[in-house]
1. Which of the lysines could a cross-linker span from K179 if the Cα-Cα distance has to be under 16 Å and same-chain partners fewer than 8 positions apart are dropped?
2. Can you tell me what percent of all Cα-Cα pairs in the range 48-131 are more than 22 Å apart?
3. Report the Cα-based extents of the range 120-178 along its three principal axes, largest first, to the nearest Å.
4. Would you mind pulling out the separation of the Cα centroids of the range 141-194 and the range 38-59, in Å?
5. Which GluC sites (Glu not before Pro) in the range 101-167 sit in a loop by DSSP (not H, G, I, E or B) and have at most 14 other Cβ atoms within 10 Å of their own Cβ?
6. Once you treat every alpha carbon in the range 59-190 as an equal point and sum by Debye, what is log10 I(q)/I(0) at q = 0.12 Å⁻¹?
7. For the range 72-120, compute Rh as the Kirkwood radius over C-alpha pairs and then the Stokes-Einstein diffusion coefficient at 25 °C and 0.890 mPa s; write the answer in µm²/s, rounded to an integer.
Amino acid sequence: MESVRDNNTFVAEEAQARTDQPSETYSSQPSQASGEAAAVVPAPDYAAERERLAREKAELQELLQRRQAEFENYRRRSERERGEVFDIAAMDTLRALLPALDDFERGIKHESADKEYARGMELVYQRLVESLSKLGLEPIVNDVPLFNPHIHHAVEMVETAEYPDQTILEEYQRGYYYKGRLVRPALVKVAVNR
């Protein structure tokens, strides 16, 4: 039992002696205690490590900024495309409603014996026009009564010397814009001088 205690005491004293000795991890001096040449571990180059980390940080920040800009561009593009799809769908819907609007116009122009009925038709027509205007539908207004092939469709051309060439004589069907885009050209009768 005595040898075990002495052995434990020896191990404890050896461990204490190791902790009292200075660490030689980064020592540039070879170890003299063992008689062998110890491997030299160079001290780390903190400046080079700091530069490498600074470059890596700058690269990551630049990458982050690029990704943020790409995402912002994607968000704007998708919003714009979604708005365009909405406008196209609205134009198709309005194009489908225009024949009903034309029928109202023709119905109002027709004389009716029942004045109350005619007044009711006018009110319904006005309400429909107001609602479509709020959505962005605008009639083509001919400030200058000259034929414009971009907004008019000539269904009849009449030779006459009474009016200047390309003058619109009559509008058969009204044309419309939706938010500045042509939904339907106006059908017109045009004067031609030959």
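Please treat every number below as a calculation from the coordinates, not as lab data. The structure displayed is predicted, hence computed values, not measured ones. Glycine gets a Cβ as well: all are built from the backbone with ideal geometry, and neighbour counts include every protein chain shown.
1. K134
2. When all Cα pairs of the range 48-131 are counted, 62 percent exceed 22 Å.
3. 41, 25, 19
4. Using only Cα atoms to place each centre, the spacing works out to 79 Å.
5. Values: sites: E105, E111, E116, E122, E130, E156, E159, E162; in loops: E111, E162.
Here the GluC sites (Glu not before Pro) that fit, given the DSSP loop and packing criteria, are E111, E162.
6. Here the Debye-derived log intensity ratios amount to -0.66.
7. The diffusion coefficient I find is 176 µm²/s.
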